[in-house]
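Here's the structure we're looking at; comments come further down.
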Amino acid sequence: MDKKSKAVLIADTLDAHYPPEIQFLHFKNSFELLIAVILSAQTTDEQVMRVVPALFDKFPTPEKMAKADIPVLEKLIHATGFFHAKAKNIKATSQKLLELYGGVVPSTIEELIKLPGVGRKTANVVVGTLFDKPAVIVDTHFKRVTYRLGLTKNTEPDKVEADIRKLLPPEKQYRFSMTANLHGRECCHARKPECDICILKDLCSYGRTSRI
Ligand code: SF4
């Protein structure tokens, strides 16, 4: 089987196995999603979900967050780690959002990555989740699962994204990002993957590639 056919088979197998709606972050509007994804760097989605209610209670809009005092932001998001940089970024992103896009979260990766603290991962989450656009979201789970499955030989996120974009048709990319991610959380664990019960075991290269 060629690599593209294998990637499609893997994507379809995961699609059939996991629930149709997968959402790791919960949000009321596009601004909340953007900020939540920025905060999710180097921490868990659960931790982000614990801090955002108080954060959005106090600063519900780009206008309000753009004027926030940094120490107040730092206190509110402290538990997500890297809080100095994240506080600076969410304030600066709110300011840029107003300055460049009239306070509206833009719908392209190129526009999104102009915002402070927004890299390709965050931009892909936003375009896939809010705008139904093709998106390949490379986080730690996705990187591990796609590498073990032999879909990429790269570990650098931008290269992994490019590899998966070449293998899967655009309409399957966002769904695969979510299902592969969930598979990493539920079965293909970092330390002890549950290969014996894995629905992808017959398609997987783990053990035949160098391990991550
Ligand atoms: S067979 Fe093992 S390594 Fe491969 S995807 Fe499944 S759990 Fe991960």
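The values are calculated or read from the model by the stated rules, or taken from the named source; none is laboratory data. Remember, predicted model here, so these are calculated numbers, not experimental data. Here Cβ is always computed from backbone atoms with ideal geometry, including for glycine, and neighbour counts include all displayed protein chains. SASA here: full protein model, heavy atoms, side chains in, ligands and nucleic acids out. Shrake-Rupley method; radii C 1.70, N 1.55, O 1.52, S 1.80 Å.
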Per DSSP loop assignment and a cutoff of at most 12 other beta carbons within 10 Å, the chain keeps its longest run without exposed GluC sites (Glu not before Pro) at 22-193
At 10 °C in a medium of viscosity 1.306 mPa s, region 1-67 has a Stokes-Einstein diffusion coefficient, with Rh taken as the Kirkwood radius over alpha carbon pairs, in µm² per second, of 110
Once Ile199, Ile77 are ranked on solvent-accessible area with the largest value leading and a 1.4 Å probe, the list reads Ile199, Ile77
Once all protein chains are kept in place, Leu149 shows an accessible area at probe 1.4 Å, nearest 10 Å², of 10
With Cα coordinates, the longest principal axis of the chain makes an angle with the long axis of helix 120-131, in degrees rounded to 10, of 90
The Cα extents of the chain along the principal axes, largest first and rounded to whole Å, are 55, 31, 29
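What value, in deg cm²/dmol to 500, does the helix sum -39500 (n - 2.57) over DSSP H runs of n ≥ 4 give at 222 nm once divided by the residues of the chain?
Result for the chain: -18000 deg cm²/dmol, rounded to the nearest 500.
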With every protein chain kept in place and a 1.4 Å probe, the residues Leu76, Leu9, Leu168 fall, from largest accessible area down, as Leu9, Leu76, Leu168
Taking a straight Cα-to-Cα line shorter than 17 Å from Lys88, and setting aside same-chain aspartates and glutamates fewer than 8 residues away, one finds Glu32, Glu63, Asp69, Glu74, Glu99
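Take Thr61, Thr179 and sort them by solvent-accessible surface of the protein heavy atoms, 1.4 Å probe, largest at the top.
Output order, biggest surface exposure first: Thr61, Thr179.
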Taking Cα atoms only, helix 45-58 is inclined relative to the longest principal axis of the chain by an angle, in degrees rounded to 10, of 20
Reported to the nearest 10 Å², Tyr101 has, with a 1.4 Å probe, an accessible area equal to 40
Note on region 30-131: alpha-carbon gyration tensor, axes a ≥ b ≥ c; rule is a/c under 1.5 for rounded, else prolate if a/b larger than b/c, else oblate; result oblate
